[in-house]
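The values are calculated or read from the model by the stated rules, or taken from the named source; none is laboratory data. Keep in mind that this is a model prediction, so the values were computed, not measured. Positions of Cβ are backbone-derived with ideal geometry, glycine not excepted, and every protein chain shown enters the neighbour counts.
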Amino acid sequence: MPSENKILLGVNIDHSATLRQARYRDEEKTCGGFIEPDPVLIALRSELAGADGITVHLREDRRHIQDRDIYRLRESLSTRMNLEMACQADMLEIALDLRPEAVCLVPENRREVTTEGGLDLNRLVSEDGDFVQKLSSAGVEVSLFIDPEPNQIELAQKLSAPVVEFHTGSFARSFGSAGEESEWERLRNAAEIAHTAGITVNAGHGINYRNVDRVCQLPHLNELNIGHSILSRALLTGIEQAVRDMKSAIDRATS
Ligand code: PXP
């Protein structure tokens, strides 16, 4: 259980755009301007319900969030904007123009349904492109989405990344099975190593209303980024209630 601070909740709203694109991918300029749902409204309602930040992933294939969304969000949000993006030159250009509070660098594979694994920082170190340095110099807090592995944390430190986000997908998949304990231990060990290295620890992927309690028992956790589960519950309860429910679950787990 974190001894220091409360754990922040970043709400990933990508899937509100997935729903919009399912109908309006090629019709943005038609339909009398009536396009639904609007991810910006989902974001603002999430903030009202207590989200500490809003996360969006601008994917190379623009399958959900569009360029226009991120600029509208930038003007509208009152909390923090966390832009997830691949390590590509055109994305860097957009991020430097947008200047969100935070950027999370993620791997990207066109064929994946969602982000399947963490970044391989060996590649980032060798190909470089100075992503961390260029974004940090622009005042953007950079986070690296990595698997909870000691060698990746070491490379994150080498890259002077102030934040890592541990991929919790393997833990989420193992939840309730024989493998849960070892996956949780892998995360716990990684959180201790990152904290000792002076790196802020975030976590995300596959976190839901059932496993969030266990995730919150990890040491030194600063922020959780949660999307699919909150958006799924929002279909039944509305986004505000879904965010409040997740906030309550986090608060219960840490009180
Ligand atoms: N964090 C990162 C870096 C991600 O890529 C994703 C998925 O887009 C999430 C968090 C949220 O994952 P989920 O939708 O499974 O909650």
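If I ask for residues that are in contact (Cβ under 8 Å) with a residue 24 or more places away in the chain and farther than 26 Å from residue 103 by Cβ, which ones from segment 239-252 would you list?
240, 241, 244, 245, 249, 251, 252
Can you go through 218, 231 and tell me which one is touching a residue at least 60 places away in the same chain (Cβ under 8 Å), assigned to a helix (DSSP H, G or I) and surrounded by 20 or more Cβ atoms within 10 Å (Cβ to Cβ)? Walk me through how you get there before you give the answer.
Values: 218 fails: assigned to a helix (DSSP H, G or I).
Just a single option satisfies the conditions, and that option is 231.
Any residue in segment 113-134 that is touching a residue at least 24 places away in the same chain (Cβ under 8 Å) and over 28 Å from residue 170 (Cβ atoms)?
The answer is yes, given that some residue of segment 113-134 is touching a residue at least 24 places away in the same chain (Cβ under 8 Å) and over 28 Å from residue 170 (Cβ atoms).
Which of the residues that make up segment 154-186 are in a helix (DSSP H, G or I), within 16 Å of the ligand (Cβ to nearest atom) and under 19 Å from residue 123 (Cα atoms)?
Step one: filter segment 154-186 for residues in a helix (DSSP H, G or I), giving 154-158, 169-174, 180-186.
The next check asks that each one be within 16 Å of the ligand (Cβ to nearest atom); those that pass are 156, 169-174, 183.
Hit for segment 154-186 is 156, nothing else.
Name the one entry in 220, 205 that is near the ligand (Cβ under 9 Å from one of its atoms), under 18 Å from the mean Cα position of the chain (by Cα) and closer than 23 Å to residue 159 by Cβ. Spell out the reasoning first.
Numbers: 220 fails: near the ligand (Cβ under 9 Å from one of its atoms).
On inspection, the qualifying residue turns out to be 205.
With respect to residue 143, is the statement that it is of a type in the set (Gly, Ala, Ser), out of contact with any Phe, Trp or Tyr (no Cβ under 7 Å at 6 or more places or on another chain), within 15 Å of the ligand (Cβ to nearest atom) and part of a strand (DSSP E or B) true? Break it down into steps so the answer makes sense when it comes.
Values: of a type in the set (Gly, Ala, Ser): yes; out of contact with any Phe, Trp or Tyr (no Cβ under 7 Å at 6 or more places or on another chain): yes; within 15 Å of the ligand (Cβ to nearest atom): yes; part of a strand (DSSP E or B): yes.
Yes.
Do we have residue 202 as under 18 Å from residue 223 (Cβ atoms) and either touching a strand residue (DSSP E or B) at 6+ places or on another chain (Cβ under 7 Å) or at pLDDT below 95 (or both) here?
Numbers: under 18 Å from residue 223 (Cβ atoms): yes; either touching a strand residue (DSSP E or B) at 6+ places or on another chain (Cβ under 7 Å) or at pLDDT below 95 (or both): yes.
Yes.
For the condition more than 11 Å from the ligand (Cβ to nearest atom), among the charged types (D, E, K, R) and surrounded by 16 or more Cβ atoms within 10 Å (Cβ to Cβ), what is the one hit in 69, 97? Please lay out each step first, then the result.
On the way: 97 fails: surrounded by 16 or more Cβ atoms within 10 Å (Cβ to Cβ).
Testing whether each residue is more than 11 Å from the ligand (Cβ to nearest atom), among the charged types (D, E, K, R) and surrounded by 16 or more Cβ atoms within 10 Å (Cβ to Cβ) leaves just 69.
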